[in-house]
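K.L.:
Please see the structure below; I have some questions.
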Amino acid sequence: MKSETLERIKLRGRIRCGVSRGIYGMSFQEGQHWHGFDVDFGKAIAAAVLGDVEKIEFVSLKPDERFSALRDDLIDVLCCNATCTFSRDAGQGISFAAMTCYDGETVMVHRSLGVISVRQLKNPTVALQSGTTTDINLQRFLTQHGITFAGRYYSTPQEALDAYARRECDAYALDRVPLTGERQRLANPEDHVILPETFSKEPMGPAVKAGDSLWEKLVRWVIYLVIEAEEVGVSSESIDAQVTSKDPGVLNLLKAADGASHSLHLEPGWASRVLKQVGNYQEIFERNLGAKSRLKLERGMNALWSNGGLLYAPPFK
């Protein structure tokens with residue numbers, strides 16, 4: 001089995017990874033460097049394929065550019081807080097490899113409005129990103145409660161946030177995880193409230209161009225690797241000691257990964273490189289979204305299945 005995408009990457013010597021136009025916590029730029037939850041999954045793929053997290057080029061895309069960039073081979077993988085939906089996965093010429101974040105849409109408002117529930121909004125003007133499904137979900141939810149709204153559409157997260165900050169809009173609607181990050185970019189985050197209602201299902205994860213089954217499988221199992229690594233208790237800091245001590249859970253994971261190296265067209269030791277350079281799922285979540293970040297988000301649905309969450313990797317056997 002061959003992969004046109006993989007051959008193109010190896011010839012180029014780097015991965016081209018599509019990311020957002022800048023959402024704090026997910027994919028955002030500081031100076032020349034990109035950071036965030038989605039960025040780290042792109043780096044994990046680079047570590048697996050090319051052995052080095054630095055061998056990656058991030059391409060900043062507007063929401064309505066994301067999927068065409070994949071189809072047109074402008075990028076190799078999309079790590080861009082994109083929600084997996086039926087119409088996208090079945091009809092856009094793309095495939096979602098696996099889910100990395102389970103989320104749902106909600107609304108942020110100015111604290112001065114005195115609103116503590118979406119149901120208290122009265123004909124609000126809402127900032128929305130064009131090219132997303134947010135407006136459809138918001139329309140469905142508000143209609144159920146007899147609320148009408150006026151949507152204002154912006155091509156980038158920065159434009160939407162700026163318009164909301166200027167009070168051109170009463171509210172800003174977005175998935176809860178990235179919205180928590182966007183709140184931190186405001187001059188006074190305490191002056192803004194993220195309301196408690198969640199009105200959609202937003203499973204998100206990296207996407208690839210449809211039809212390249214080997215590349216899709218490779219990306220999927222890199223994702224599963226970092227999830228499984230958390231479950232067996234191996235991290236970037238502990239892996240060397242656990243290998244030396246012959247920890248059976250860690251050795252079985254690495255052995256299984258090496259056993260599939262040829263089938264995935266990867267060099268042996270790819271799993272160790274990913275975990276040493278990027279870490280397991282817990283490390284990725286905590287430094288970008290959780291306790292070690294400014295967002296301080298709880299794991300919630302993104303906890304392991306064994307801890308009551310939705311996160312689950314098939315067995316490495």
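The values are calculated or read from the model by the stated rules, or taken from the named source; none is laboratory data. As the structure is a computational prediction, the values presented were derived from the model and not from experiment. All Cβ positions, glycine included, derive from the backbone under ideal geometry; neighbour counts span all protein chains shown. What goes into the accessible areas is simple: the full protein's heavy atoms, side chains included, and nothing from ligands, DNA or RNA. Shrake-Rupley method; radii C 1.70, N 1.55, O 1.52, S 1.80 Å.
K.L.:
Considering the alpha-carbon set of the chain alone, what are its Rg and its Dmax in angstrom?
P.N.:
20.0, 63
K.L.:
Let me ask another. For the chain, modelled as a GNM with alpha-carbon contacts under 10 angstrom, which of Gly259, Gly181, Gly25 fluctuates the most?
P.N.:
Result: Gly259 has the largest fluctuation of those listed.
K.L.:
Taking every pair of alpha-carbon atoms in region 209-303, give the share separated by more than 17 Å as a whole percent.
P.N.:
Summing the P(r) tail past 17 Å for region 209-303 gives 53 percent.
K.L.:
Sticking with this one: For Ser112 and Arg140, calculate 0.36 nm times their separation in residues minus their Cα-Cα distance, and state this gained length in nm to one decimal.
P.N.:
Full-extension gain reported as 7.5 nm.
K.L.:
Carbon-plus-sulfur fraction of the accessible area of region 1-99, 1.4 Å probe, in percent?
P.N.:
With neighbouring chains kept in place, the figure for region 1-99 is 45 percent.
K.L.:
Then there's this: Given a cut-off of under 8 Å on Cα pairs at least six residues apart, what relative contact order in percent is computed for the chain?
P.N.:
23 percent
K.L.:
Given region 101-253, what percent of its DSSP beta bridges are antiparallel, to the nearest 5?
P.N.:
60 percent
K.L.:
Continuing with this model, one more query. Under the classification rounded if a/c is under 1.5, otherwise prolate if a/b is larger than b/c and oblate if not, where does region 180-246 fall, given a ≥ b ≥ c as square roots of the Cα gyration tensor eigenvalues?
P.N.:
On the way: a/c = 2.94, a/b = 1.46, b/c = 2.02.
Taking the square roots of the gyration eigenvalues as a ≥ b ≥ c, region 180-246 is oblate.
K.L.:
Let me ask another. Please give the per residue accessible area of region 205-317, computed with a probe of 1.4 Å over protein heavy atoms only, in Å². It would help to have the intermediate numbers written out before the result.
P.N.:
Numbers: 5400 Å² over 113 residues.
Each residue of region 205-317 exposes 48 Å² on average to a 1.4 Å probe.
K.L.:
Moving to a separate point now. Report, in deg cm²/dmol and to the nearest 500, the calculated mean residue ellipticity at 222 nm for the chain, where each DSSP H run with n ≥ 4 adds -39500 (n - 2.57) and the sum is divided by the residue count. Walk me through the numbers on the way to the answer.
P.N.:
Numbers: 13 runs with 122 residues, N = 317.
So the calculated ellipticity at 222 nm is -11000 deg cm²/dmol.
K.L.:
Using only the Cα atoms of region 72-171, build the gyration tensor, take square roots of its eigenvalues as a ≥ b ≥ c, and label the shape rounded, prolate or oblate: rounded if a/c is under 1.5, else prolate if a/b is larger than b/c, else oblate.
P.N.:
Verdict is prolate for region 72-171.
K.L.:
Further, regarding this structure: Using a 1.4 angstrom probe, figure out how much accessible area region 24-136 has per residue, in square angstrom, rounded to the nearest whole.
P.N.:
Counting only protein heavy atoms, the per-residue value for region 24-136 is 38 Å².
K.L.:
Nearest-5 percent of antiparallel DSSP beta bridges in the chain?
P.N.:
Numbers: 20 of 35 bridges.
Roughly 55 percent of the beta bridges in the chain run antiparallel, per DSSP.
K.L.:
Rounding to the nearest 10 and keeping the result within 0 to 90°, find how far the Cα-based axis of helix 134-144 lies from the longest principal axis of the chain.
P.N.:
50 degrees
K.L.:
Still on this model: What net charge is computed for the residues neighbouring Gln282, neighbours being all others with C-beta under 11 Å from the C-beta of Gln282, Lys and Arg scored +1, Asp and Glu -1?
P.N.:
-1
K.L.:
Taking all protein chains as present, what is the carbon and sulfur share of the accessible area of region 160-317, in % to the nearest whole number, probe 1.4 Å?
P.N.:
51 percent
K.L.:
Another question, then. First measure r as the distance between the Cβ atoms of Thr244 and Ser68, then evaluate 1/(1 + (r/R0)^6) with R0 = 45 Å and state the FRET efficiency to the nearest 0.05.
P.N.:
0.40
K.L.:
What shape does region 1-150 have by the C-alpha gyration tensor, where a ≥ b ≥ c are the square roots of the eigenvalues, rounded means a/c under 1.5, and otherwise prolate means a/b greater than b/c and oblate the rest?
P.N.:
prolate
K.L.:
Just grab the label-to-label distance for Gln32 and Lys122, each label 7 Å out from Cα along the Cβ direction, in nm (one decimal).
P.N.:
Modelled inter-label distance: 5.4 nm.
K.L.:
Counting each pair of different Cα atoms once, what's the Kirkwood radius of region 127-179 in Å, rounded to one decimal?
P.N.:
Final number for the Kirkwood radius of region 127-179 is 11.4 Å.
K.L.:
Right, here's the next one. Going 7 Å from the Cα of Asp52 in the Cα-to-Cβ direction, what parts of region 1-34 have a backbone nitrogen less than 11 Å from that spot?
P.N.:
13-14
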